[in-house]
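Notes for the one structure printed next.
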Ligand code: ATR
């Protein structure tokens, strides 16, 4: 019987995940199907339970249910634990296993697709919400020279940095945007939601070191952050590669097969 997978979100109609996983399955000859399922805002747990009753083997979880998925999981990977959020669920033997593949997806996109080595680099992470939290541990594990977190609400950045201070030898620095004056970084990652609202961040132009890469987690549009970075002479990437790589990592967890992402990325870029 064909194994069933799905992505839960609200809204979900425009999700690229069914297309990505269908391409992975075709490429690797896996007998599986993958659909997008809209869960009511107050009905995520019931929707997942119904899916499992119907034989669902695993699911991706997107906005706004990643924290609910974290609470639902009866077993968590260390990276899901650190992220405080789950984007990948596996169902077997009455166990709900929760993983978070977002950070690994970002790291893989940076290293494999964009040729950006993270070790020894000075990283600036913009934002201190769920998207930022999800990528901190995998970034720290790559042993950058420094990781700074800057956020509009300074206190949230400070709290987040403190949470991760025991994870590796590197203690993340944290502050508001005003503290960025006079500092420069090799890799600047926008994990704020400003890409969705088309708001510009108050970033000093010298922030982008020569040869710096500016990474926008949002995809499918030129955001103010991407424009600012381009104007400052930085190389710019959007989050499409991260989307495909986090999906590949989930697929690997479910099927034990690592799909080739380059052809899928090429299809999505059209
Ligand atoms: P997500 O899960 O996408 O991270 P979130 O947890 O709501 O969503 O976090 C949104 C992030 O974008 C936060 O870092 C937020 O800054 P605050 O903590 O100060 O709210 C940031 N953000 C949203 N709108 C912003 C804006 N107009 N300017 C600067 N930062 C903004």
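Quick look at the values:
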item: Filter result for residue 60 (more than 13 Å from the ligand (Cβ to nearest atom), under 28 Å from residue 213 (Cβ atoms) and at pLDDT 95 or above); result: yes
item: Conditions (1) touching a helix residue (DSSP H, G or I) at 6+ places or on another chain (Cβ under 9 Å); (2) surrounded by fewer than 18 Cβ atoms within 10 Å (Cβ to Cβ); (3) part of a helix (DSSP H, G or I); number of the one not met by residue 252; result: (1)
item: Answer residue from segment 202-238, given it is assigned to a helix (DSSP H, G or I) and within 12 Å of the ligand (Cβ to nearest atom) and is surrounded by the fewest Cβ atoms within 10 Å (Cβ to Cβ) among those; result: 224
item: Any hit, segment 133-149, residues being near the ligand (Cβ under 9 Å from one of its atoms) and touching a strand residue (DSSP E or B) at 6+ places or on another chain (Cβ under 7 Å); result: no
item: Hits in segment 85-101 (condition: out of contact with any strand residue (DSSP E or B) (no Cβ under 8 Å at 6 or more places or on another chain) and either crowded, with 17+ Cβ neighbours inside 10 Å or within 17 Å of residue 15 (Cβ to Cβ) (or both)); result: 85
item: Only one of 192, 199 that is surrounded by fewer than 21 Cβ atoms within 10 Å (Cβ to Cβ), closer than 30 Å to residue 17 by Cα and within 21 Å of the chain's Cα centre (by Cα); result: 199
item: Among (1) closer than 17 Å to residue 248 by Cβ; (2) in a strand (DSSP E or B); (3) within 17 Å of the chain's Cα centre (by Cα), the one test that residue 15 misses; result: (2)
item: Set 45, 63: member being surrounded by fewer than 16 Cβ atoms within 10 Å (Cβ to Cβ), closer than 23 Å to residue 195 by Cβ and in the same structural domain as residue 262 (by TED's automatic domain parsing); result: 63
item: Unique residue being in contact (Cβ under 8 Å) with a residue 40 or more places away in the chain and at negative phi when the list is 2, 62; result: 62
item: Lone qualifier among 178, 260 - being on the phi < 0 side of the Ramachandran plot, part of a helix (DSSP H, G or I) and either touching a helix residue (DSSP H, G or I) at 6+ places or on another chain (Cβ under 9 Å) or surrounded by 24 or more Cβ atoms within 10 Å (Cβ to Cβ) (or both); result: 178
item: Members of segment 77-96 found to be within 26 Å of residue 240 (Cα to Cα) and over 14 Å from the mean Cα position of the chain (by Cα), listed by number; result: 77, 78, 81, 89, 90
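The values are calculated or read from the model by the stated rules, or taken from the named source; none is laboratory data. All values reported here derive from a predicted model rather than from experimental measurement. Cβ sites come from the backbone with ideal geometry, for glycine too, and all protein chains shown count toward neighbours.
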